[in-house]
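The values are calculated or read from the model by the stated rules, or taken from the named source; none is laboratory data. As the structure is a computational prediction, the values presented were derived from the model and not from experiment. Methodologically, a virtual Cβ is constructed for each residue, glycine included, from the backbone with ideal geometry; neighbour enumeration extends over all protein chains shown. Quick note on the areas: whole protein, heavy atoms, side chains included, nothing else; ligands and nucleic acids left out. Shrake-Rupley method; radii C 1.70, N 1.55, O 1.52, S 1.80 Å.
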Amino acid sequence: MPIPKNFTSPSRITAKERALNQIQRWIIEGTLEPGEKIYDAEISEALGISRTPVREALLLLETQGLIEMRPGKETKVTTVTKEDVKKIFPPLATLHALAAEEIAETISVEKIEELKEINHQFELAIQLKEPYKAMETDEQFHNFIIELADNSYITHFCSIMDLHVRRLKYLFLAQELLSQEDSINEHRLIIDAFLNHDKEKAASIMKQNWIGPLQNVYKLMELQEHEE
């Protein structure tokens, strides 16, 4: 299992949280590839922590569906198929579109300015070819809208699927097949819809902002299957 040596992790968090955050990132980035075996001893050595918090983190990752554990046998990263793409993106597109619709008529100018700044950071990350940073700022844009909607059901269901979407989104952002300007421009159109308090337009563009990546990731995974 190739564990990188030159990584950074947040400070002032518990050992379990550190392990959880780092392993999640390795899985999302593809450092730990689908189907790859995970050894808690290697993780604990790489992170400089004991095996207990690593094992606790692995249990949480199993409940999130990122790894599968077979007691006494092996622990490995779950696979992602193109069928998963069609199962994950449409529900999220609908939920995010609903959130955009709910806030469009009441969102303040100050909050819109915050969205503009987040989108600017998203654009910079893409220009600098930093796919993980781009993914994080894209998530920040969408999560900000979810928070403003203040609907606990939307928030809950989105959080359940977010980690799986992150794996697919990173694949999408890291590839040249992505017309990355499309996502930046769609964010701008969503912001314009908010400025005009146009809930139908905000919801429609938000849905497209999710469906576009679905189509590109699906095509990318089909190409990878044909190459194998």
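Hey, quick one: spin label on residue 121, modelled 7 Å out along Cα-Cβ, who in segment 179-200 has an amide N within reach, i.e. under 18 Å? Answer for this model: 184-185, 187-188, 191.
Projecting the Cα atoms of 202, 28, 94 onto the dipole axis of the chain, where Lys and Arg carry +1 and Asp and Glu carry -1 at the beta carbon, places 28 farthest toward the positive end. For segment 51-60, putting each phi into the Karplus relation 6.51 cos²θ - 1.76 cosθ + 1.60 with θ = phi - 60° gives couplings of 6, 4, x, 5, 5, 5, 5, 5, 4, 5 Hz, in residue order, rounded to whole numbers and with x for Gly and Pro. Straightening the chain between residue 223 and residue 33 buys 66.6 nm, computed as 0.36 nm per residue apart minus the Cα-Cα spacing. Sparse packing (at most 14 other Cβ atoms within 10 Å of the Cβ) combined with a DSSP loop state is found for none of the GluC sites (Glu not before Pro) in segment 12-91.
Across segment 196-202, coupling constants 3J(HN,Hα) worked out from phi with the 6.51/-1.76/1.60 Karplus curve, θ = phi - 60°, read 8, 6, 9, 5, 5, 5, 4 Hz, and Gly and Pro carry x. Shown are 52, 63, whose ranking by accessible area with a 1.4 Å probe and every protein chain present, most to least, is 63, 52.
Which GluC sites (Glu not before Pro) in segment 97-163 sit in a loop by DSSP (not H, G, I, E or B) and have at most 16 other Cβ atoms within 10 Å of their own Cβ? Loop-located and lightly packed - 105. For the residues 41, 125, 104, a GNM of the chain with alpha-carbon springs under 10 Å puts the largest fluctuation on 41.
The three principal axes of the Cα atoms in segment 100-153 give end-to-end lengths of 34, 25, 13 Å, sorted in falling order.
Sequence-distant contacts, meaning Cα pairs under 8 Å at least 6 residues apart, place the relative contact order of the chain at 24 percent.
In this structure residue 219 has an accessible area near 130 Å², from a 1.4 Å probe over the protein heavy atoms.
At an R0 of 22 angstrom, the distance between the Cβ atoms of residue 163 and residue 198 translates into a FRET efficiency of 0.10. Taking Cα centre as origin and charging only the Cβ of basic (Lys, Arg, +1) and acidic (Asp, Glu, -1) residues, the dipole magnitude of the chain rounds to 760 debye. Residues whose amide H falls under 5 Å from that of residue 75, counting only those 5 or more places apart or on a different chain, are 38, 70, with hydrogens built in the peptide plane. For the residue pairs 73/219; 16/111; 82/133; 111/219, alpha carbon separations beyond 29 Å are given by 73/219; 16/111; 111/219.
The per residue volume of the convex hull around the alpha-carbon atoms of the chain is 136 Å³. Accessible area per residue was computed with a 1.4 Å probe on protein heavy atoms; residue 40 scores about 30 Å².
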